[in-house]
1. Can you figure out the FRET efficiency of A:Thr96 with B:Ala136, using R₀ = 35 Å and their beta-carbon distance, to the nearest 0.05?
2. Full extension from B:Leu292 to B:Asp329: what is 0.36 nm times the residue separation minus their Cα-Cα distance, to one decimal in nm?
3. If you add up the charges near B:Asp100, with Lys and Arg at +1 and Asp and Glu at -1, over every other residue whose beta carbon is less than 9 angstrom from its beta carbon, what do you get?
4. Any lysines with Cα under 26 Å of the A:Lys179 Cα? List them, leaving off those in the same chain fewer than 8 positions away.
5. Pop out a list of residues from segment A:82-99 that are at least 50 Å² less accessible with all the protein chains around than in their chain alone; 1.4 Å probe, no ligands or nucleic acids counted.
6. Do any GluC sites (Glu not before Pro) in segment B:86-122 lie in a DSSP loop with no more than 16 other beta carbon atoms within 10 Å, and if so, which?
7. Just to be sure I understand: if you take the accessible area of chain B alone plus chain A alone and subtract the pair, with a 1.4 Å probe, what total do you get in Å², rounded to 100?
8. Working only with C-alpha atoms, what are the Rg and Dmax values of segment A:291-439, expressed in angstrom?
Amino acid sequence: MDGFSQKEEQRLLKTLATESENLGLVERRSFLKNALVMVGAGATITPAGAALASSNLPPSVPSWSRQLGEGVLTNPYGLPSEYEKDTIRRTVDWLTPDRISSISMTPLHKLKGIITPNGLAFERYHGGLPNINPDEHRLIIHGLVERPLIFTMEELKRFPSVSEIKFLECPANGGMEWKAPQMEGLQFTHGMLSCCEWTGVRLSTLLDAVGVKPEGKWILAEGADGSGMTRSIPMEKALDDAIVVYAQNGEALRREQGYPIRLMNPGWEGNTCIKWLRRLEIGDKPWYQREETSKYTDLMPDGRARKFSFVQECNSVITSPSPEVPFKGKGWYEIEGIAWSGKGKIKGVDISLDGGVTWRPAPLKGMIISKCLTRFSYMYQWQGEPLLLQSRAWDETGYVQPTFKQLRAERGGNSIYHKNAIHTWKVHSNGSVQNAQLS
Amino acid sequence: MHNSLNVNALINGRLLSMRTFKITIVCFAGFLVGCQQSDQSIETPKETVTKVADGATSQTDLPKNFSIGHQATSDVIAGWDIDVRPDGLGLPEGSGSVEDGESIYEDKCAMCHGSFGEGEDQWPKLTGGAGSLTEARPEKSIGSFWPYASTLWDYINRAMPFPAPQSLEPDEVYAITAYVLNMNEIVDDDFVLTRENFASIEMPNKDGFYIDDRPDTKNTRCMKNCKDGSKINIVLGPVYSLGKKADTVAEEKTDENDLAKTTYESVCQVCHASGVANAPKMGVAEDWTARLERGKDSIYSNALNGLNGMPAKGGRADLSDDTVKAAVDFMLSKL
């Protein structure tokens, strides 16, 4: 604070804090903000804020303990604390020419457990976010069927429903990292990923209602958005575990996730889980739509491309520490992360502190569900030594998450999608964490 | 009643007599199991229970078809059934020439894709890249990569032009498709594309795809001495291969002009950031001088009603006039 000695500054700040304690929370904040501006503390707001906050720390009785709080329905739909303002989706603006056909990422470094809150699940739009009135929305199922049917949203909710916790991942997750560690933080290297409880009616139940003819082998799923998003889905998947979803984590599906209904193909490319679903056409062959030819195909070094590469293979990443969650001083820390596989349950996760020379199993914790995020945890006493932190997951099919070297040896550097390589965080001796790749 | 719910208020919203209060307490205790109130002052509606129909209650023997939903008639389906397959299934009657396609393309497509399909800014390239698929920087254009012409027809019809999806007539889609194929040297200058000759078109990269054959990697769970630790080469990120720094922090939404700014970013920016289709560029004063001389109302009017390449309200008819005007103000405030 210019023009004040440190002692004088502390005295002044304490006086301000004391004076303000007679005010309500909102007024108090406003009073302090103005007072700080008046004494010219703008540039040193952090130490000032810390000094003020200390009046709420023991042995002082905090201001919120000596007054009443807000009543019920202050927020009819509850929101996170104002102190969580940086827990938000973020994008990388140079990835796409505009934000209408673009993607935002989940703040994985801020999340605990396996459920992604509805407001934080990554977004992917090909033609922007539509605002659909459910009363004016329909699902049509037709093509090679005995009884082409049209459903209102209310009618769909009369069918027997299922609720399942499944991860959802854009196949381009980490796609910027094929050639080099290009992103600064976890949110951008792995954030095209979410995991929710999805409620809806099994697609197989709806297919029973229309009666699929024997020659029906593929289903075209189509969205009602401005891109008319479409993907061809094999009948085996539809009959296995696909769901037409109308609720997410207990409440109506969010607009960003396809309100009022979307398709959910557990463990498969997020792109196949058509949002704002309006139509399912049964046919004998795939349609070769734009999003399964020009895009969402994997270009290989020989110039040919894999098509219908649906499955999101086994993957994992350490979420703490990470560039956004550095070590702050020596001592015990929980090295924590998430693992997932589109082929089933996670069997185990190994972690390495030395860039993959030595590995040790990291215990799994919480629920272990097929095609769902699974938490792993490893307690570690950090003494300030540099680390090359890695996690390596394996799933119930026996598949072990590959190294970048192995992945590049098979696919080169231009396949964009399905990057599931073992990820490396370089932990510096000052505790900061940096995205890294090893060769 | 200190520090707990006021039962009287909860039940009736007013204080009751002591006698009623006692009944109410009993009533509250039975709240969830169905309260029978004996006080004559409160009428209890009498319900008659009709006998539940037998059958269909066995949870282990449910019908395969619940008979929910209505028949989708062919008329209803036709309005939404827009997909087209490589064998031509789904194509409507119609035709379009390369020549017609060129003028429609210039009008509706070139603003983003470039006059030669080269792509403006980051918008998709439509042409070029032949033989580049094995190179370090492959160009996956329609000519170099797309396996089927039907995909082109289908996608233009369902999603283009970007600001006005599903706005083209079938003949326009045939014509644009013909022209884009011509740009890629797949059909001649005098070609006329029809439903009948569609299946005869062969794309250069039609054999360039194969069914997913993963898993392709075979890592194992090595636990000790898995590599030589002294030979680890570390590449630290971020490495900005595109020469740009990631805009990693979403802008705080503290701008008073929040709605206007959001509208600009989600609707106007598509054209006004780069100046495609002669759109006046954001922040470039000289682009706006002549327009401002005609007055702000004239600019509002163009934004609301459309002009040349500018669709009415930027193609978002659902926006209120005030929102569109606010977005205009926001853009003008940045000059």
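The values are calculated or read from the model by the stated rules, or taken from the named source; none is laboratory data. Since we're looking at a predicted model, the values are computed, not measured. Note that we place each Cβ from the backbone using ideal geometry, even for glycine, and neighbour counts take in every protein chain shown. Heads up: the accessible areas ignore ligands, DNA and RNA and are worked out on the full protein's heavy atoms, side chains in. Shrake-Rupley method; radii C 1.70, N 1.55, O 1.52, S 1.80 Å.
1. After rounding, the FRET efficiency stands at 0.95.
2. Difference between extended and current length: 12.1 nm.
3. That works out to -4.
4. Filter leaves A:Lys295, A:Lys307, A:Lys405, A:Lys419, A:Lys426, B:Lys125, B:Lys140, B:Lys218, B:Lys227, B:Lys231, B:Lys244, B:Lys245.
5. Going by heavy-atom accessible area, the residues of segment A:82-99 that drop by at least 50 Å² are A:Trp94, A:Pro97, A:Asp98, A:Arg99.
6. Counting only loop positions with at most 16 other Cβ atoms within 10 Å, the GluC sites (Glu not before Pro) in segment B:86-122 are B:Glu93, B:Glu118.
7. Summing both chains' loss of accessible area gives about 8300 Å².
8. 16.5, 51
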